[in-house]
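Right, one structure below, let's go through it.
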């Protein structure tokens, strides 16, 4: 249960989704019932028929920024920048917009290196430590955001292969309810919702409660220890509004189901809940690592995509539903040619 090898499975490469479904809510939906292990195959657009009017859905309204930028050094060499903390620590100071970034160049980037971007904007590396650089962009915050949304590319996961950047990803790799800029990866369980489906859910009486967790680069980092208990989780900035905390706490008091949309919501809810399962409003850094043996305090069900082998996300869903139960469900999804990962199909675990 604690060995990294316990979370491995074989996935045919052709099942890794390279593009989203033609219609967001047209994705296939695998329903997994934890108590019996029963599996039902449906479609996501049927979600309003599958949930109860008393349910509360907790969604992550973070917005993915087009934070991958391309520029050149003074020598003419290519440089690739990935903005890391746009919504959680980046600041305007002394005439420059300052943020942490990953910088890829032919040689290891060093402090003092200047990178030239479009329209005369340039950035200087002021610090470099363990692959993460501090960059000073010589423009104000408004100019930087304008540059970002004009020339930036969506930071797609490495298993989604593009020969050239695809403008369509700026819409498809973004939830329809994205509202708080700052993520460098999408909360992918939310990609399946359309505004029409959300309206149907609300009309049925289902509560939609937003939180924010800015998904960070650590979501792509592999677990490098053989005993998963030794893994240290990356931290990500989160915020829970008072209205959401109140709605969730009332639902729990009344015995109604709280359904986390995605692993980001699940981690945030569990991190911010006390021992009695009462959720607190507020903001901070979430570094909770959930793996089998964890006692869930708050969420009753979850919606989630299919995750990479040996990933912390697979460990989280294994903790929620049981490792063997999850791996059996994954094998059935493979046998039924479900599409996997960020642009893939989806599960409802109840």
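See the values below:
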quantity	calculated
Only one of 187, 210, 222, 157 that is closer than 23 Å to residue 85 by Cα, under 18 Å from the mean Cα position of the chain (by Cα) and not assigned by TED's automatic domain parsing to the domain that holds residue 57	157
Residues (assigned to a loop (DSSP other than H, G, I, E, B), at pLDDT 95 or above and more than 17 Å from residue 342 (Cα to Cα)) located in segment 10-35	10, 33
Selection within segment 116-165 - surrounded by fewer than 12 Cβ atoms within 10 Å (Cβ to Cβ) and in a helix (DSSP H, G or I)	118, 119, 120, 142, 150
Of the criteria (1) over 25 Å from residue 132 (Cα atoms); (2) at pLDDT 95 or above; (3) buried (at least 16 other Cβ atoms within 10 Å of the Cβ), which one residue 173 fails	(1)
Subset of segment 178-206 (residues that are surrounded by fewer than 20 Cβ atoms within 10 Å (Cβ to Cβ) and touching a helix residue (DSSP H, G or I) at 6+ places or on another chain (Cβ under 6 Å))	194, 197, 200, 201, 204
Filtered residues of segment 28-42 (kept if more than 20 Å from residue 261 (Cα to Cα) and either in contact with a strand residue (DSSP E or B) (Cβ under 9 Å, 6 or more places away or on another chain) or not assigned by TED's automatic domain parsing to the domain that holds residue 319 (or both))	38
Test: residue in segment 49-61 that is surrounded by 19 or more Cβ atoms within 10 Å (Cβ to Cβ), outside any loop (DSSP other than H, G, I, E, B) and not assigned by TED's automatic domain parsing to the domain that holds residue 210	no
Selection count, segment 334-350, where residues are farther than 14 Å from residue 189 by Cβ and either under 15 Å from the mean Cα position of the chain (by Cα) or crowded, with 24+ Cβ neighbours inside 10 Å (or both)	0
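Conditions tested, residue by residue: (1) crowded, with 21+ Cβ neighbours inside 10 Å; (2) closer than 20 Å to residue 34 by Cβ; (3) over 16 Å from the mean Cα position of the chain (by Cα).
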| position | (1), (2), (3) |
| --- | --- |
| 232 | no, no, yes |
| 258 | yes, yes, yes |
| 268 | yes, no, no |
| 274 | no, no, yes |
| 279 | yes, no, yes |
| 323 | no, yes, yes |
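The values are calculated or read from the model by the stated rules, or taken from the named source; none is laboratory data. Remember, it's a predicted structure, so these values are computed and weren't measured experimentally. Ideal geometry is used to build each Cβ from the backbone, glycine not excepted, and the neighbour counts take in all protein chains shown.
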